[in-house]
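Heads up: the structure comes next, in structure tokens.
The values are calculated or read from the model by the stated rules, or taken from the named source; none is laboratory data. Everything quoted here is computed from the prediction, not taken from an experiment. For neighbour counting, all protein chains shown are included, and Cβ atoms are generated from backbone atoms with ideal geometry for every residue, glycine included.
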Amino acid sequence: MNNPKTAQWQAMSRDHHLAPFSDFKQLAEQGPRIITKGEGVYLWDSEGHKILDGMAGLWCMAVGYGREELVQAASNQMRELAFYNTFFMTAHPPVLELAKAISDLAPAGMNHVFFTGSGSEGNDTMLRLVRHYWACKGQPNKKVIIGRINGYHGSTVAGASLGGMKFMHEQGDLPIPGIVHIPQPYWFGEGGEMSPEAFGIWAADQLEAKILEVGEENVAAFIAEPIQGAGGVIIPPASYWPRIKEILAKYDILFVADEVICGFGRTGEWFGSDYYDLAPDMMTIAKGLTSGYVPMGGLIVSDKVFAVINEGGDFNHGFTYSGHPVAAAVGLENLRILKEEGIVEAVKNDTGPYLQQRLGELAAHPLVGEVRGVGLLGAIELVQDKASRKRYPSEAGVGMICRSHCFSNGLIMRAVGDTMIIAPPLVISKAEIDELVEKARQCLDLTLEQLQSRK
Ligand code: PXG
């Protein structure tokens, strides 16, 4: 180690910090890498290593690290009004201006925003609001929310219940009652002998089967990410969303698009719902809304839903930091940057297609079974046999081997099982994309070498 402080910080971690989604003992033994600085698409750790951040912080760093405009927006707002709540018939300019700015960008008819501190809180809000909506309509039995296996909707009790992560459900007796799950449209992993198109229809039809099983009169809503992020950048077959839309049109249930990852330009459209033309009733947002500079999430509600809850009396729900003025000011400035710098258009027409083209070259690598992506989202499936899509045994830990090579070689690329995923900052340049893909290729080579040397 070059920096004596690294060891001090690691000791503080070991002695005092409970890190999210971590094995505390393992973390204490290894010691966390300490990230100390960010600029553009790069991070630096406390040992001075420069790292290309292929995961945009955690899917959130849209406009890049170190944007002075966002620093100014936050400090100006802190000076003017550092905090005031939005309860008890009060508001402040930034929250109102941000609600308007989001409504202007959201799909047609999505014009009302409830602010939260995170995506998880957005989905908690959704659960309560959906049930309140049906109660207002005189159908209080409509309570059940249908999610998907391997979907991710956050880590609060409602968020983790709505999500379909088995390893999360196993801790804390989840899901809570009234939440059920259907299979995901993950052709590469679960499509078997079916064609992607046929599998997409099959996966969509599981929604109809579940509605009939639970009873339409009991189903309140279906929640889904347009493209599953944390589950492994799962891009549904082209047949999936059109079939889901047909099913949603047939039954009187609400559709919630969880846009926490897809929202604010990740797909090259402002929202994943625009990309797939989904027309949801509600959209959960967070992450890219503020580029992660400050925490903020929310729930965008359609005019149709609003018309009902507007007549429903008090909605007894809210957070101290709902619409926090500093977060709202940063969100507004972040949206201004995304718009005025044409960042979303660049993802659609320039950097997104370029990333997909360059990533596609990795499909020829002997370890790679599939490369897929949309906009600035990408996934690389690591396999033992390309033709049959056969995986290495899970004990081999191929994804983790690849991830640690990436980390050691200055690239952050996540592993979800044996699926490598990337979601770089939306401001990444073509030269930086070249660097990302070359580093990824080197790490695939190193992973393959390591696997072969074990035999
Ligand atoms: N919905 C989706 C689609 C998400 O990706 C949340 C809700 C919850 O947001 P908050 O702000 O409460 O974290 C998320 C968050 C991962 C990973 O491993 C992904 C998320 C969070 C933590 C880890 O990829 N996404």
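Scanning the stretch 121-141 for residues that are crowded, with 24+ Cβ neighbours inside 10 Å and either of a type in the set (Gly, Ala, Ser) or touching an Asp or Glu at 6+ places or on another chain (Cβ under 8 Å) (or both) gives Gly122, Asn123. Pairs meeting the criteria (first residue in the stretch 153-177 and at negative phi, second residue crowded, with 17+ Cβ neighbours inside 10 Å and aromatic (Phe, Trp, Tyr), beta carbons under 7 Å, at least 6 apart or on different chains) are Gly163/Tyr152; Met165/Tyr152.
The residues in the stretch 399-419 that are part of a helix (DSSP H, G or I) and either farther than 21 Å from Asp434 by Cα or in contact with a Pro (Cβ under 8 Å, 6 or more places away or on another chain) (or both) can be counted, and the count is 3.
The numbered conditions (1) in contact with a Gly (Cβ under 7 Å, 6 or more places away or on another chain); (2) among the small types (Gly, Ala, Ser); (3) free of Cβ contacts under 8 Å to residues at least 24 places away in the same chain are all true for Gly117 except (3). Taking the listed residues Pro183, Pro140, the one that is without any contact (Cβ under 8 Å) to a residue 12 or more places away in the chain, out of contact with any Pro (no Cβ under 6 Å at 6 or more places or on another chain) and closer than 20 Å to Leu254 by Cα is Pro140, with no other qualifying. When the stretch 353-372 is examined, which residues are found to be touching a helix residue (DSSP H, G or I) at 6+ places or on another chain (Cβ under 7 Å), within 19 Å of Ala431 (Cα to Cα) and of a type outside the set (D, E, K, R)? Within the stretch 353-372, Tyr354, Leu355, Leu359, Leu362 meet the criteria.
Counting only residues that are farther than 23 Å from Arg128 by Cβ and touching a Gly at 6+ places or on another chain (Cβ under 8 Å), the stretch 241-261 holds 1 of them. Against the test of being in contact with a strand residue (DSSP E or B) (Cβ under 6 Å, 6 or more places away or on another chain), at negative phi and modelled with pLDDT of 95 or more, the options Leu248, Leu289 yield a single qualifying residue, Leu248.
Does the stretch 273-315 hold any residues that are outside any loop (DSSP other than H, G, I, E, B), touching a Pro at 6+ places or on another chain (Cβ under 9 Å) and more than 20 Å from Leu127 (Cβ to Cβ), and which are they?
Going through the stretch 273-315, the residues outside any loop (DSSP other than H, G, I, E, B) turn out to be 273-276, 282-285, 287-289, 297-309.
Still in the list and also touching a Pro at 6+ places or on another chain (Cβ under 9 Å): 273-276, 283, 300, 302.
Passing the criteria: Asp274, Tyr275, Tyr276.
Could you pull out the residue among Glu208, Glu213 that is assigned to a helix (DSSP H, G or I), surrounded by fewer than 20 Cβ atoms within 10 Å (Cβ to Cβ) and either without any contact (Cβ under 8 Å) to a residue 40 or more places away in the chain or of a type in the set (Gly, Ala, Ser) (or both)? Answer to the selection: Glu213.
Between Asp277, Asp281, Asp258, which is within 11 Å of the ligand (Cβ to nearest atom) and of a type outside the set (S, T, N, Q)? Break it down stepwise before answering.
Details: Asp277 fails: within 11 Å of the ligand (Cβ to nearest atom); Asp281 fails: within 11 Å of the ligand (Cβ to nearest atom).
On inspection, the qualifying residue turns out to be Asp258.
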